[in-house]
Structures are given as structure tokens and as C-alpha cells.
1. Which of (1) within 16 Å of B:ILE196 (Cα to Cα); (2) buried (at least 23 other Cβ atoms within 10 Å of the Cβ); (3) not aliphatic (A, V, I, L, M) is the odd one out, the single condition B:PHE114 does not satisfy?
2. Output yes when any residue across region A:102-111 is more than 7 Å from chain B (Cβ to nearest Cβ), in a helix (DSSP H, G or I), of a type in the set (A, V, I, L, M) and in contact (Cβ under 8 Å) with a residue 12 or more places away in the chain, and no when none is.
3. So for region B:214-226 (the condition being within 14 Å of chain A (Cβ to nearest Cβ), surrounded by 24 or more Cβ atoms within 10 Å (Cβ to Cβ), under 18 Å from B:GLN277 (Cα atoms) and in contact (Cβ under 8 Å) with a residue 24 or more places away in the chain), does at least one residue qualify?
4. Could you list all residues from region B:100-118 that are part of a helix (DSSP H, G or I) and either more than 11 Å from chain A (Cβ to nearest Cβ) or charged (D, E, K, R) (or both)?
5. Would you mind stating whether B:LEU160 is buried (at least 22 other Cβ atoms within 10 Å of the Cβ), part of a helix (DSSP H, G or I) and either more than 22 Å from the chain's Cα centre (by Cα) or at pLDDT 90 or above (or both)?
6. Suppose the filter is aromatic (Phe, Trp, Tyr) and touching a residue at least 40 places away in the same chain (Cβ under 8 Å); does B:PHE141 pass it?
7. Testing B:LYS92 on (1) more than 25 Å from B:ILE306 (Cβ to Cβ); (2) touching a helix residue (DSSP H, G or I) at 6+ places or on another chain (Cβ under 7 Å); (3) more than 8 Å from every other protein chain (Cβ to nearest Cβ); (4) part of a helix (DSSP H, G or I), one condition comes back false. Which one is that?
8. Being buried (at least 23 other Cβ atoms within 10 Å of the Cβ) and touching a Leu at 6+ places or on another chain (Cβ under 7 Å) is the filter; apply it to region A:30-40 and report the residue that is farthest from the other protein chains (Cβ to nearest Cβ).
Amino acid sequence: MIKFASLLLIIIGLYGILSTRNVIKILVGINVMEIGINVFIIAMGFVNDGAAPILSVDNPVNVLKFVDPVAQALVLTSIVIGLGITALGLVFARKIHKKYGTYDLSETGGES
Amino acid sequence: MMINPVLLIAIPLGLAFIAVVFKKLQGWILAIGVAANAFLVFFVEKGETAIGGFKLPFAISLVLDDFSFIGVILVNVLTLAAVAVAFRKTEKYVPVILAGLAGLNGMVLTGDMFNLFVFMEITAISAYILSSEGRKPEQSFNYLVIGSIGSVLYLLGLILIYGQTGTLNMSLMAEKSALIGQAAMVLPLVLIFAGIAVEAKLLPMSGWVRGVLGNSNALTGVMFASVYSSAALMVFGRVFSQVLIPGTTAGVIIIVIALLTFAAGQVSAFRSKSLRQVLLYSSIAQSGLAAALFATGFVFPAVLVIINNAAGKMIMFSTAGNLEEKYGTDDYVGLGGAFVRNMPAGVAFTIAALSLTGLPLVFGFYAKLNVLAAYLNQGTFFVPAVVLAGTIIEGAYFIRILIKLWAPGKEGEWADADQSVGEKKIFNPAGTVVVILVTLLIILSGFLPDSVGKLVAPGGGLLGDEGPSISLTMEKGGDQ
């Protein structure tokens, strides 16, 4: 269920990017997509009634109940990269506004 | 003495941070960084190196085999050439170039699919910032958006394969994915293809190229068309000819897209009037050709195409960027006779154009010959026909440009040097030396193609379909 919800988020984000020419809204779309993919990755490692993947003598847990720690490590990295991209995107948005006085790409002139 | 491959990533990355602190020494730091990397690349230890103290396959690994060796040589030597040709333009971008170099080396060397994503993102961020040199923030933003969509698709494809194979290590993934049914691999493969296609400039993810390369200068043009492009294509080759070998359905999809990229690139180049646009569409076409070869499994000719394109585009984009800067236009009709009083640049540009077209006596001929021989040996005639048709178009637009740039005046009239657009020097002395060196390499390797062939594929592969030896299998370590 979570997997489908996260795929839906990715599609919503993609629609957001494709359906608007506003720079800030496009960045929001990118972020929605990234949240979608991050939730999807976490959902891939999810185990029902799972436990944190830590082996200890005091608290023995069935290894099969461990959630996948790789997926969580990947998501942490992916979130940081997403943050960097968003920050850079906002810098470009600021530059566009400074140069053209608008956040709307359709008002920035020609293609090349 | 052999060094650890991680130094190729660590040195530029460390220097990038140092450059942020010591702003006054940035020029020196950049020069030392790129020169050290271009030198050290020949002393890196071959094999698979585990990073971080974990055992393989749980550790992230760096793989230096014959394939990635070519990749790191291209990346480091071409970055040194790009910096030498346009040193004055690097002023604002020293940390960016160094971080980008670290990312590029990581992309080519890594033996882990998620680590590849991280390095691709580091490279992409440096590329977005470099693209802002074109003074068109909307184009840089467009590039960032396409790149972000590509990276999300790559991650989605990767995680789907991770769900099926349970590993991110390339060698283990190659073994396990071979056991998965073809049908289950089509969607992840297409998603990963879309992710890599952004930097590799393949359709439909190449929408950013016109805006970014069309406004490039001698530095950014060479970085994008030569360095980034070569690394992205080597990664494409690694993933699609060694890790996730496409089955029939995915293979046909990728090859058709790659050939469409080749054809569309050549036709668009023919229709363009601006020098940089011709070159950027030609780059798209060459990427398409290399990708089609990799997807078919022809690693050796694909690597030759990448080397030929990287060397040629290094010369051509630096010339085009400087021409635009000196004369204020890159419409080649308006640059009539620009080479008449700039013999070294003109000769270098001409040799590069001839090599890209694939005429005899230059390296490009050997590359094209191998491309055609690989397909004809296999009994495929459609692809060689497309390649030959593309080559004819390529020859037509390059000859048209060369005639204009060498012979000022109107068609049918006697060309006089006085009619030329001017006699401004295209390159500074260092740039001239670098460009002449690269040109000499193209000519020399045209006369001695076997020596380049042996560098690319020490175990053979000349005029055949055997690729460079690959050591992606952990236990074996050496050649496969």
C-alpha cells in the first residue's frame, strides 16, 4: 500500500513539474518526487512488525524480523543530495528573478 | 610504486575544500590538483579495492580494470587540457571543477550502483554550476530540472533491481540479475537508462544540451562535450554492457533510442547555422552511436568512438568558444576566413573535423572502421547503413564549415586573406600548445591505431567485438 502511495507521489511530482512554468512550483514538484522515491525506498526495506537491525545479547531478535538497514542508509544519502539540488535550484530561481523580474519561465524569452 | 585508486577522488575533493578557504591561492590549487591527477592516473593500482574497512561485497568498492582505466585517463587528461586552454575562465569555478573531477573519477571507478548515483549527483551539481557561466540562469535551471527527474528515475530503477537481487555491488548484481526473467528487468532497465541518458546526452533527456552547450565558452564547452560526456558514456557502457545486460526487449528499446539520437543529432547539426550548435548536435549524435554500440555489446568500438569524440570535441569546442568570444558571433557564415591567419587553430580544427567524420589517416577512421566491422561481422546491415548515412551528413556539414572558415568571400570567387573576418589570435600560447598536442595525438594514433587498440583492449579486440578485459567478478579479480 505504501509503495503504491509513494509511486503516486512520484507521479504527482512529475505532473507538477510538467504542468507549470513557475520556477518555485517546479522546485516543489521536484521535492514531491524526491519524497515519493524516498518513501518508496523505505517501503522496499519494510518488514511487518519488524525490529531495528541491531544484534544484541540482551535483546535477541529473530534476524528475519530485521528491517533492511541498507534502504535507510540510501534514503539518508538521497535526502542530503535532494537538499543540495533544491538549494542550487533556489539559487537559479533567484538569478532568474534578478535577471527577468519574474519566476515564470514563459516570460524569460527565447529558448537559446 | 602503485597508489590506491581512492586518491584520484580524494585529492581533488580535498583540494576543492582547501580552495574554498584559500581563495588567493585558487589558481595554484587548481593547477596542482588537475596536474597531479593527470599524472597519478598512470600509477593507480589495478583490481577491486574495498573502501571503509568492510569486506566485499558489503563494502563500497572501486574497480580499476582496462575499461575504467581508459575512463580515468580520459577524464583526468582532458580536464587538465580544458583547464590549460581556458585557465583564465576557471577563476570563479576552482572548487566546482575540482569537486566535479572527484565526482567524475568516482563515477568511472565505482563498483557500487548506489555509489554511482552519489557520484553522478556530485558531478551533476558541479555541471549545473558550471553551466551558469553561460549567463542564462533559465537554461541552467532547465538542466537542473531534467537532471533531477533523471536521478529520481535512476534511483527508482535501481531500487527495483535491488529489491530483486538484494545487492548494490556491481559484480554481484551482474551475476544475480542474469538469473532474473527478462520481463521483470525491462522497466528497471529503462528507468536506469533514463537516469544515465541525461549526462550521456541521449534522447529524450538531452533537452538541456542546446541551452547549455549553445551558450558555452572555451572552458564549459570542453568540460561538457568532452569530459562529462566521456565519463557518462563510460558509465553507460559499464552499466549496460557489463552489469545489467539488456535482454531482447530492453535491448531493442535502448538501441532504437540510441540510433534515433544518432540520426536526429546528425540531421539537427546539418540544419544549424551556429558553430556551437553544430558541434553540440554532433556530440549528441556521437553519444547515440556509442550508446547503441554498448547496448549491442560492442565495447571495443564504442570506447574508440568515445576517445575520438572526446579528443575532437576538445579542440572544436575550445576553438568555437574562443571564436565567439573574440568575434562576438559563432555563426560560421559570419566568421569567414577566421582560420586564414590562425593556422595552428585552423589546422587543429580541420584535423579534428576529419577525425570525427572518419576519414583515413586520422584516428576517427580506425574508430569508424571498427564500428562497421563489428556490425558487419555480426551480420547486421541496418545499423551500418544508418552509421554511413550519418557519416555522409556529418561530412557535409563539417566540410561546409571548414570551407567558410578557411575561405572568406563569396562562393565561386577567389578567396583573399584580406577578406577574412580578422586576425585576432584564437588561442593563448598555452592553449595553442595543448591543442597542437591533441592534434598530433589524433594524427599519430591514425598512423599507429594498433597501439591505441592495445591500450583499450590489451587482450585483443582489434577489429572485432571483444571488449576491454573486465574484472567485475570479485573472486576472479583479474581478466574475465
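The values are calculated or read from the model by the stated rules, or taken from the named source; none is laboratory data. All values derive from a computational prediction rather than experimental measurement. FYI the Cβ positions are ideal-geometry reconstructions off the backbone, even for glycines, and counts take in every protein chain you see.
1. The one condition B:PHE114 does not meet is (2).
2. No, that holds for no residue.
3. At the first step, the residues of region B:214-226 found to be within 14 Å of chain A (Cβ to nearest Cβ) are B:214-216.
Next, only the ones that are surrounded by 24 or more Cβ atoms within 10 Å (Cβ to Cβ) stay: B:216.
In the following step, the residues that additionally are under 18 Å from B:GLN277 (Cα atoms) were identified as B:216.
After this cut, where a residue has to be in contact (Cβ under 8 Å) with a residue 24 or more places away in the chain as well, the list is B:216.
The answer is yes; a qualifying residue exists.
4. B:GLY100, B:LEU101, B:ALA102, B:GLY103, B:LEU104, B:ASN105, B:GLY106, B:MET107, B:VAL108, B:LEU109, B:LEU116
5. Answer is no for this residue.
6. Considered against the rule, which asks whether it is aromatic (Phe, Trp, Tyr) and touching a residue at least 40 places away in the same chain (Cβ under 8 Å), B:PHE141 comes out as no.
7. (2)
8. A:PHE40
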